Amino acid sequence: MQRYPKGQLNMKSSGWSKIYLSMFLISIAFGFSAGYGAFGESRDYFSYNEFFSQLRPGRIFANFRFEPGFVFSTWVAKFALGLELPATFSLLMSAALLLKSHSFSRAQHPILTMLFYLATWYPLHEYTQVRVAMATAFLFAAVNCFFANKRMMFILCGALAVSFHGSAIFALACVLTAHSLAPLRLRFSIPLLLGLSLSLSIILKSSMLPIMAAINPLTSAYITLADGFEVPTIFSGANILTVAFLVLFYKASGFNSPRHRTLFLVTVASLMVFVALRDVPVMAHRLKEITLVFVTLLAFDYKISPQRVPQAAVAFGLATWSLYKAVTLGVI
């Protein structure tokens with residue numbers, strides 16, 4: 001067992017204390033910024049405000065539009081804590097970011113990982129899609145529990161994620177599938193992922209959409225032509241930078257970690273599903289977003305050596321591009 005001088009241990013402890021404190025303060029600051037609309041009104045604010053105003057003390061689950069975890073937590077904030085909508089969302093988004101910061105602390109560079117997340121995903125999730133923000137927080141926790149062999153905690157965190165957003169089911173299935181394919185060489189695992197993505201696309205289009213259309217004719221139109229969802233662009237700046245990062249990550253690391261291999265394949269699968277479902281914009285974007293977010297856990301989880309500088313630079317470029325698009329598209 002390696003021994004460190006007492007002074008060196010104190011320096012290491014002090015360094016980590018500063019990192020944890022910084023991440024705590026960042027989480028609270030950005031959580032309240034999201035709740036109180038510091039960067040402008042959220043695109044989803046009106047629908048959430050309408051939902052919040054319709055909540056009644058004796059009817060917790062009367063509104064079935066949103067998932068039960070979100071409905072229950074909002075009900076508790078409104079009636080048990082007496083909070084208004086901005087304070088409720090501030091509390092929820094601070095909790096989501098704090099839980100994510102705990103996952104980020106496992107990376108080689110926690111602060112860089114958190115800054116990458118804030119630039120890439122915060123505008124879309126915490127600032128807009130609050131249910132997805134909570135779901136991804138529990139998904140990150142579920143992944144950490146899975147690789148720590150805490151299977152019951154994995155199931156619990158996974159269930160909590162699904163209770164905030166139904167698409168988390170797809171993310172969990174994707175993680176488990178990627179983990180089962182991780183031991184294979186990429187020349188086998190990538191084609192298998194492609195085949196599964198195409199099969200999913202065929203099943204959804206041939207079975208699920210007709211069933212949903214039979215139940216409600218407006219559902220099919222919403223899924224295929226929903227406002228706010230542009231036709232998926234395969235060669236977007238974000239997709240190109242993500243592919244470049246994955247290639248450089250693979251070249252530099254050689255996948256020494258089962259965790260890295262699994263997260264790598266989840267990220268690849270997110271892009272494949274996005275392409276396979278490009279003519280169903282809502283589903284293409286939703287399923288991509290709930291899985292591509294896992295690239296955050298890879299972005300800076302390595303020692304930045306001369307060999308790793310290119311991939312770190314591409315990760316920085318992806319974060320910058322994503323933030324630029326969020327501003328120019330009016331997300332924030």
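Rounded to whole Å, the principal axis extents of the Cα atoms in region 30-159 read 44, 36, 23, largest first.
Work out, step by step, the length gained on full extension between R56 and S17: first 0.36 nm times the residue separation, then minus their alpha carbon distance; give nm to one decimal.
9.8 nm
The residues of the chain have, on average, 50 Å² of accessible surface per residue, using a 1.4 Å probe with all protein chains present.
Residues considered: P183, P306, P281. Largest GNM mean-square fluctuation over the chain, using C-alpha springs under 10 Å, is found at P306. So, with a 1.4 angstrom probe, what is the percent of accessible area on the chain that is carbon and sulfur? In the chain, the share of accessible area belonging to carbon and sulfur is 68 percent. Helices in the chain that qualify as membrane-span-like (whole DSSP H runs, Cα extent of at least 30 Å along the helix axis, mean Kyte-Doolittle hydropathy of -1.0 or higher) are 6-35.
Taking 0.36 nm per intervening residue step and subtracting the Cα-Cα distance, what contour gain separates K325 from A87 on full extension?
Separation in residues times 0.36 nm, less the Cα-Cα distance, equals 82.9 nm.
Ordered from highest to lowest accessible area with the whole protein assembly present and a 1.4 Å probe, T120, T74 read as T120, T74. Each label point was placed 7 Å from the Cα along the Cα-to-Cβ direction; for A238 and Q108 their separation is 2.6 nm. Think of the chain as a dipole: +1 on every Lys or Arg Cβ, -1 on every Asp or Glu Cβ, centred on the Cα centre; then among L200, H285, Y302, Y302 lies furthest on the positive end.
Comparing G37, G317, G58 in a Gaussian network model of the chain, where Cα atoms under 10 Å apart are tied by springs, the biggest mean-square fluctuation is seen for G58. Label-to-label distance, R278 versus A148, with points set 7 angstrom from Cα along the beta-carbon direction: 4.1 nm. The structure shown yields Rg and Dmax of the Cα atoms in Å, and of the options (1) 20.4, 70; (2) 24.4, 76; (3) 20.2, 65 that calculated value carries the label (1). Estimated from helices alone, the mean residue ellipticity of the chain at 222 nm is -22500 deg cm²/dmol (sum of -39500 (n - 2.57) over DSSP H runs with n ≥ 4, per residue). Let's test the formula: R0 of 41 Å, r as the Cβ-Cβ distance of S47 and A159. What FRET efficiency results, to the nearest 0.05? Once the sixth-power term is evaluated, E becomes 0.95.
How big is the dipole moment of region 65-173 about its Cα centre under a simple scheme where the beta carbon of each Lys and Arg is +1, that of each Asp and Glu is -1, and everything else is neutral? Debye, nearest 20, please.
For region 65-173, the charge dipole is close to 240 debye.
Take I28: with every protein chain present and a 1.4 Å probe, its accessible area is about 50 Å². Over 27 Å apart at the Cα level, from the set K78/K288; K100/K205; K18/K78; K18/K303; K100/K288; K18/K100, are K78/K288; K100/K205; K18/K78. Look at where the Cα atoms of region 26-58 and of region 265-280 average out, and the two centres are 30 Å apart. So for region 120-167, considering every pair of alpha-carbon atoms, how many percent are separated by more than 12 Å? Tail of the P(r) past 12 Å holds 57 percent of the pairs.
Computed over protein heavy atoms with a 1.4 angstrom probe, the accessible surface ordering of E126, E84, E67, largest first, is E84, E67, E126.
The values are calculated or read from the model by the stated rules, or taken from the named source; none is laboratory data. Owing to the predicted nature of the structure, the values given are computational and were not obtained by experimental measurement. Note: ideal-geometry Cβ built from the backbone for every residue, glycine included; neighbour counts use all protein chains shown. The area values use the complete protein model at the heavy-atom level, side chains included, leaving out ligands, DNA and RNA. Shrake-Rupley method; radii C 1.70, N 1.55, O 1.52, S 1.80 Å.
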